[in-house]
Amino acid sequence: MSTGQQSESPRNLAYYCKHFANIQVYRGNAPNQPIMLLSVIDIIAQGRIKFNQIHISDELIENFKKYWKILGSGSFKSSDFALPFFHLKNTKNKKHKFWYLKFSSQYDGGRPQTIPKLREDVEYAYVDDELFEFIIDENSRKELIDALVAAWFTSSKKKLDIL
């Protein structure tokens, strides 16, 4: 079963690389959303997510913490994971969305700022079908990771190479 959004016209790899490089990040904050994307891509690459449903699993949280330790700023807080997982769905231009949330029946609005509240409010996230296929493909996945690293983590590239 497909859960991703189908865009009106197919989105190619260059489209996603461009949008990964232009994710909205608040100035002065760590690039939480790019760290979230790296964490999700890594879990998919390991074959631990086989369908286009990104659950808020302990494994994903631990993977995020691994990247946070290298790329984040300060000590890890629950909101460092919860907010980017939730806010990746936001974009100024609705045509450029690629991350979506399947809300639970308990969700009553607002933005969950802790992992327990996020788990209560969101069943899972999913991405465009095209993007999920690109992440599964080893060559395309490398290009997506390279786009994220070049845009957000050039000074930490050597640290990322050891992962």
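The values are calculated or read from the model by the stated rules, or taken from the named source; none is laboratory data. Since we're looking at a predicted model, the values are computed, not measured. Methodologically, a virtual Cβ is constructed for each residue, glycine included, from the backbone with ideal geometry; neighbour enumeration extends over all protein chains shown. The accessibility values were calculated without ligands, DNA or RNA, using every heavy atom of the protein model including side chains. Shrake-Rupley method; radii C 1.70, N 1.55, O 1.52, S 1.80 Å.
Table: residues versus (1) under 14 Å from Tyr16 (Cα atoms); (2) of a type in the set (Asp, Glu).
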{"position": "Tyr67", "(1), (2)": "no, no"}
{"position": "Ser73", "(1), (2)": "no, no"}
{"position": "Ala82", "(1), (2)": "no, no"}
{"position": "Gln106", "(1), (2)": "no, no"}
{"position": "Asp121", "(1), (2)": "no, yes"}
{"position": "Tyr124", "(1), (2)": "no, no"}
{"position": "Glu133", "(1), (2)": "yes, yes"}
{"position": "Ser140", "(1), (2)": "yes, no"}
{"position": "Ile145", "(1), (2)": "yes, no"}
Restricting attention to segment 50-65, does a residue exist that is assigned to a loop (DSSP other than H, G, I, E, B), open to solvent by 40 Å² or more (accessible area, probe 1.4 Å) and more than 27 Å from Arg141 (Cα to Cα)? no
Six or more apart or on different chains, Cβ under 9 Å: which pairs go from a residue in segment 137-159 that's on the phi > 0 side of the Ramachandran plot to one that's assigned to a loop (DSSP other than H, G, I, E, B) and open to solvent by 70 Å² or more (accessible area, probe 1.4 Å)? Could you list them? none
When segment 134-152 is checked residue by residue, the ones that are among the acidic types (Asp, Glu) and within 15 Å of the chain's Cα centre (by Cα) are Asp146
Select, from Ser140, Ser155, the only residue that is surrounded by 14 or more Cβ atoms within 10 Å (Cβ to Cβ), in a helix (DSSP H, G or I) and out of contact with any strand residue (DSSP E or B) (no Cβ under 6 Å at 6 or more places or on another chain). Ser140
Go through (1) in contact with a Phe, Trp or Tyr (Cβ under 6 Å, 6 or more places away or on another chain); (2) under 22 Å from Arg11 (Cα atoms) for Glu133 and report which single condition fails. (1)
Over segment 88-106, the set of residues modelled with pLDDT under 90 and not charged (D, E, K, R) is Asn90, Thr91, Asn93, His96
Which of the residues belonging to segment 78-132 are open to solvent by 50 Å² or more (accessible area, probe 1.4 Å), part of a helix (DSSP H, G or I) and closer than 24 Å to Glu62 by Cα? Pro116, Lys117, Arg119, Glu120
It is to be established whether one or more residues within segment 60-70 are among the charged types (D, E, K, R), farther than 16 Å from Phe153 by Cα and modelled with pLDDT under 90. no
Of the conditions (1) surrounded by 13 or more Cβ atoms within 10 Å (Cβ to Cβ); (2) at pLDDT below 95; (3) of a type in the set (Gly, Ala, Ser), Ser39 clears all except one; give me its number. (2)
Quick one: is Lys89 under 22 Å from Asp128 (Cβ atoms) and over 11 Å from the mean Cα position of the chain (by Cα)? no
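Rundown of residues vs (1) acidic (Asp, Glu); (2) more than 20 Å from Asp146 (Cα to Cα), yes/no style:
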position: Val40; (1), (2): no, no
position: Asn52; (1), (2): no, yes
position: Ile70; (1), (2): no, no
position: Lys77; (1), (2): no, yes
position: Asp80; (1), (2): yes, yes
position: Phe86; (1), (2): no, yes
position: Tyr100; (1), (2): no, yes
position: Gly110; (1), (2): no, yes
position: Arg119; (1), (2): no, yes
